[in-house]
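Comments concern the structure below.
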Amino acid sequence: MLVTAGAGAWVYQGLDGNINSADVDNKLGGDRPVNLSPGSKNILVVGSDSRDGDNAKYGKDLDTMQSDTLMVMHLSADREWATVVSLPRDSWVSLPACDRGNGTTSTPRHSKINAAFAIGGSSGEVSGAAACTIRTVEQSTGLRIDHFMSVDFQGFKGMVDALDGIEVCPRTAIRDDKAHLDMEAGCQTVRGEDALGYVRTRYSVGDGSDLGRIGRQQEFMGALAGKARQKLDSPTALYDFLDAATKSLTTDEALAGIKPLSGLASEIKDIPSDRLTFLTVPNYGRVADVPSDKANVVWQYPQAADLFTSLAKDREVDKKKLGADAKGPVYAASVRVQVLNGSGVAGQASKVAETLKAAGYSIAGTGNAPAPADKTAVTYPQDLARQAGVLASRLPGVAAKPDASAVAGAVTLVVGSDFSGIR
């Protein structure tokens with residue numbers, strides 16, 4: 001919608017009433033990442049998986065709000081490039097405490113990233129769901145989220161139909177009752193239910209993972225954006241497209257209107273297609289760290305940290321290099337960590353060790369540091385440089401350093417008084 005709305009959205013001020021707004025800012029609190037690149041923008045985009053209204057026919061097994069798709073769109077400060085990062089819904093991350101909207105607060109824990117939307121939306125309010133999701137993404141990535149958008153199933157179908165469908169080329173036939181999809185192999189144009197089913201299907205294609213679905217979604221979105229640029233030169237087509245989009249769109253209050261949306265669109269509509277990059281945060285199956293968990297993925301470090309640091313500092317990401325760097329991952333379970341407390345806070349080493357253990361790391365032991373430490377530090381014997389890099393990348397501002405006197409076979413984490421948590 002953003003890459004097309006600026007063409008003439010000002011004509012359709014009546015569409016303003018379609019857009020729902022969510023008061024997110026008042027629910028985020030003050031402990032948020034610093035904006036390291038003024039002028040750039042990070043927009044959190046959620047595909048809503050609720051079962052309300054017209055969406056009820058997609059299943060009644062869910063009694064909470066759900067995020068089916070989760071992406072962060074980074075717009076560079078000079079508006080010369082943009083990167084869209086997909087965050088797999090099965091990503092196993094640390095969830096912060098969130099206001100449930102019913103007078104209770106959730107307990108911080110590790111879980112799937114899409115659980116944040118359900119927790120914050122316990123009372124049915126999108127603002128709460130958005131706030132908890134934003135806090136989770138900010139905590140996990142270190143990115144400052146500037147805006148939020150949520151689009152439900154019906155709006156997606158309407159946008160595709162306004163473009164007379166999108167061509168897709170599945171290599172094999174797809175039969176998926178859950179996604180309401182029955183397709184033959186080969187190139188074909190999909191509309192309505194088939195378009196929605198194509199981007200939602202999961203278990204009936206490939207290895208059945210969310211990662212495969214993300215790949216199809218990114219290809220589809222790229223094709224949709226390309227066709228929108230070409231086709232929406234007709235006022236009628238543009239109106240139909242925007243009408244479908246805005247009816248199922250919820251944004252933060254700053255974006256809730258055709259004028260701010262078209263203003264944002266005018267900033268980015270000239271970004272060349274070869275500099276609009278779609279990628280997925282590097283990850284691997286959590287089964288490598290926890291053999292009993294075959295359903296979730298964990299983000300791969302230090303590659304994930306490098307990706308988000310680049311975006312935070314407004315540096316364009318080389319997708320091919322990111323993919324090459326992600327080959328041969330160092331699993332968290334292979335990193336043995338000795339945790340020493342230099343913070344002056346009693347029990348801090350044990351607390352940090354439990355957090356690391358929940359994240360898949362192996363704990364070699366805990367204890368007190370030889371002396372108080374103002375700065376958190378990671379040291380390692382010469383043969384564990386990669387393992388130390390994995391751990392250090394999850395500690396903002398900490399660089400691993402070799403130490404000839406370090407404990408053999410383990411990376412040492414000294415928790416200083418400046419310790420701010422594990423990303």
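Every number in this text was worked out from the coordinates using simple rules, so none of it is lab data. Everything numeric here is computed off the predicted structure, so don't read it as measured data. With ideal geometry, Cβ positions are generated from the backbone for all residues, glycine too; neighbour counts draw on all protein chains shown.
Each residue of the stretch 284-299 was assigned a 3J(HN,Hα) from its phi angle through the Karplus curve 6.51 cos²θ - 1.76 cosθ + 1.60 (θ = phi - 60°); the sequence is 8, x, 5, 4, 5, 9, 10, x, 7, 9, 9, 9, 10, 10, 10, 6 Hz, with glycine and proline shown as x. Measuring nothing but how far apart in sequence close Cα pairs (under 8 Å, 6+ apart) lie, relative to its length, the chain scores a relative contact order of 18 percent.
Computed over every Cα-Cα pair of the stretch 211-284 and binned at 5 Å starting from 0, the pair-distance distribution P(r) comes out as 3, 11, 18, 22, 22, 16, 6, 2, 0, 0 percent. For the stretch 332-415, count all C-alpha to C-alpha pairs, find those more than 15 Å apart, and express that count as a whole percent of the total. That tail contains 51 percent of the Cα-Cα pairs.
Judged by the mean number of other Cβ atoms found within 10 Å, the most tightly packed of the peptides 28-35, 381-388, 84-91 leads the ranking 84-91, 381-388, 28-35. In terms of other Cβ atoms within 10 Å, Cys169, Cys98 run from fewest to most in the order Cys169, Cys98. For the stretch 2-325, compute Rh as the Kirkwood radius over C-alpha pairs and then the Stokes-Einstein diffusion coefficient at 4 °C and 1.567 mPa s; write the answer in µm²/s, rounded to an integer. Once the numbers are plugged in, D ends up at 64 µm²/s. Rounded to the nearest Hz, the phi-derived 3J(HN,Hα) couplings of the stretch 216-230 under the Karplus curve 6.51 cos²θ - 1.76 cosθ + 1.60 (θ = phi - 60°) are 5, 5, 5, 4, 5, 5, x, 5, 5, 4, x, 5, 4, 4, 7, where x marks glycine and proline.
With respect to the chain, whose longest principal axis is taken over its alpha-carbon atoms, helix 258-268 is tilted by about 70°. Counting only GluC sites (Glu not before Pro) that DSSP places in a loop and that have at most 15 other Cβ atoms within 10 Å, the longest clean stretch of the chain runs over 185-315. Each residue of the stretch 380-397 is assigned a 3J(HN,Hα), and the resulting list reads 7, x, 3, 8, 10, 4, 5, 4, 5, x, 4, 5, 4, 5, 9, 10, x, x Hz, derived from the Karplus form 6.51 cos²θ - 1.76 cosθ + 1.60 (θ = phi - 60°), x at Gly and Pro.
Mean-square fluctuations from a GNM of the chain, with a 10 angstrom spring cutoff on Cα atoms, peak among Val93, Val378, Val126 at Val378.
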